[in-house]
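A.B. asks: After the structure tokens below, expect a handful of questions from me.
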Amino acid sequence: MSLSIVGQSMSAGYKRNTPAFSDVTICVRSPGLRILHGPNGSGKSTLMEVIAGFLPLIAGTIAVSGEVTYIRHSPALVPFLTVRDNCTLYLRRYGFSPDSADRFIDGLGLQPHLDKLPSELSTGTLRKAWIVCGLLTRSGVLCLDEPFNGLDPGAADYVAAELFHQSAERLVLAVAHQPPEIITLDEHNRFADVCVSNAGFELRSARVG
């Protein structure tokens with residue numbers, strides 16, 4: 001499957017007269033892990049909303065090849081279902097076996113919380129459950145907005161390693177203001193991506209280790 005994100009001269013925002021960013025061009029054409037980073041307020045999350053198809057452009061064009069899963073910064077678990085049942089929804093939706101979530105659940109220490117509702121979880125535990133749901137998808141393009149925020153260092157490292165593992169076959173794009181130390185941002189772009197922006201953010205290829 002061909003996976004790509006190609007946007008030309010993009011402007012976007014929630015108010016037409018005050019775009020969050022203007023004249024941004026991006027070209028990403030292969031599986032791999034990329035980190036979008038830069039100052040707060042530079043439009044990183046807005047760009048992710050555009051890539052995922054939730055926010056229309058004010059100007060410019062964008063074309064995405066491959067189904068997109070977007071894991072927003074704010075968890076969106078079904079509030080009246082337990083953590084276990086939320087995971088089951090994703091397992092069934094994407095055709096995974098019932099035990100496919102076990103290693104994520106064990107890796108992030110969610111076993112004691114499986115029968116709790118989202119409202120009963122701490123902020124960090126809620127984010128862990130939300131990230132597990134994102135990992136239980138098969139889309140070619142996986143976008144995540146600040147997946148490491150609110151996680152303890154061990155959990156952040158675990159998520160980073162899993163994203164890198166999945167990026168062998170998926171295009172993984174993560175907004176990360178401060179990536180965990182386990183992630184190395186490549187000095188030279190090994191994927192030949194293009195990101196032209198005066199908004200203050202940049203796109204870097206990344207690896208773990």
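A.B. asks: State, to one decimal in nm, how far the label point of residue 165 lies from the label point of residue 188, with both points 7 Å from Cα in the Cβ direction.
C.D. replies: 3.0 nm
A.B. asks: What length, rounded to one decimal in nm, is gained on full extension from residue 117 through to residue 74, with 0.36 nm per residue of separation minus their alpha-carbon distance? Provide the component values of the computation, followed by the final result.
C.D. replies: Numbers: separation 43, 0.36 × 43 = 15.48 nm, distance 1.60 nm.
Length gained between residue 117 and residue 74: 13.9 nm.
A.B. asks: Let me ask another. Just check the stretch 95-154 against the gyration tensor rule for me: Cα atoms, a ≥ b ≥ c as the square roots of the eigenvalues, rounded for a/c under 1.5, and otherwise prolate or oblate depending on whether a/b exceeds b/c. Could the numbers behind the result be given before it?
C.D. replies: Values: a/c = 1.76, a/b = 1.15, b/c = 1.52.
Oblate shape, in that a/c is at least 1.5 and b/c is the bigger or equal ratio.
A.B. asks: Suppose all protein chains stay in the model; what accessible area per residue would a 1.4 Å probe give for the chain, in Å²? Spell out each step's value before the answer.
C.D. replies: On the way: 9870 Å² over 209 residues.
Per-residue value: 47 Å².
A.B. asks: Output the peptides 12-25, 134-147 sorted from most to least packed, where packing is the average of other Cβ atoms within 10 Å over each peptide's residues. Each step should come with its number before you reach the end.
C.D. replies: On the way: 12-25: 15.6, 134-147: 21.3.
Highest mean packing first, the order is 134-147, 12-25.
A.B. asks: So, one more: Taking only the C-alpha atoms, wrap a convex hull around the chain and report its volume per residue in Å³ as a whole number.
C.D. replies: Numbers: hull volume 25.2 nm³, N = 209.
That works out to 120 Å³ per residue.
A.B. asks: Got a sec? Which residues in the stretch 125-156 would a label at residue 178 touch, if it sits 7 Å along Cα→Cβ and we count backbone N under 17 Å?
C.D. replies: Of the residues in the stretch 125-156, 146-156 have backbone N under 17 Å from the label point off residue 178.
A.B. asks: A further question follows. Based on Cβ point charges of +1 for Lys and Arg and -1 for Asp and Glu, what charge dipole magnitude is obtained for the chain about its Cα centre, in debye rounded to the nearest 20?
C.D. replies: Numbers: 18 positive and 20 negative charges, 99 e Å.
Result for the chain is approximately 480 debye, rounded to the nearest 20.
A.B. asks: Provide the packing ranking of 101-111, 158-168, 51-61, i.e. peptides ordered by the mean count of other C-beta atoms within 10 Å per residue, highest first.
C.D. replies: On the way: 101-111: 16.7, 158-168: 19.5, 51-61: 14.9.
My ranking of the peptides, most packed first, is 158-168, 101-111, 51-61.
A.B. asks: Carbon and sulfur: what percent of the stretch 50-175's accessible surface (1.4 Å probe)?
C.D. replies: Values: 3060 of 5640 Å².
Summing carbon and sulfur atoms, their accessible area is 54 percent of the total for the stretch 50-175.
A.B. asks: Normalising by the residue count of the stretch 1-124, find the relative contact order in percent from Cα pairs under 8 Å and 6+ residues apart. Spell out each step's value before the answer.
C.D. replies: Working: 153 pairs, mean separation 30.4, N = 124.
Here the relative contact order equals 25 percent.
A.B. asks: Would you mind calculating the gained length between residue 54 and residue 92 on full extension (0.36 nm times residue separation, minus the Cα-Cα distance), in nm to one decimal?
C.D. replies: Details: separation 38, 0.36 × 38 = 13.68 nm, distance 2.39 nm.
Result: 11.3 nm gained on full extension.
A.B. asks: Could you work out the relative contact order of the chain, using alpha carbon pairs under 8 angstrom and six or more residues apart, expressed as a whole percent? Present the calculation step by step, with values, prior to reporting the outcome.
C.D. replies: Numbers: 424 pairs, mean separation 66.8, N = 209.
So the answer I get is 32 percent.
A.B. asks: Within the chain, which whole H helices from DSSP have a Cα span along their axis of at least 15 Å and a mean Kyte-Doolittle hydropathy of -0.5 or more, if any? Each step should come with its number before you reach the end.
C.D. replies: On the way: long enough: 83-93 (16 Å, -0.75); 123-135 (18 Å, 0.70); 153-166 (20 Å, 0.07).
Once both thresholds are applied, what remains is 123-135, 153-166.
A.B. asks: So in the stretch 1-155, what percent of DSSP beta bridges are antiparallel if you round to the nearest 5? If you can, show how the numbers build up before the last one.
C.D. replies: Values: 11 of 15 bridges.
Within the stretch 1-155, antiparallel bridges account for around 75 percent of the total.
The values are calculated or read from the model by the stated rules, or taken from the named source; none is laboratory data. Note that the coordinates shown come from a computational prediction; the quantities given were computed from them, not determined experimentally. Neighbour counts run over all protein chains shown; Cβ positions are idealised from the backbone, glycine included. Heads up: the accessible areas ignore ligands, DNA and RNA and are worked out on the full protein's heavy atoms, side chains in. Shrake-Rupley method; radii C 1.70, N 1.55, O 1.52, S 1.80 Å.
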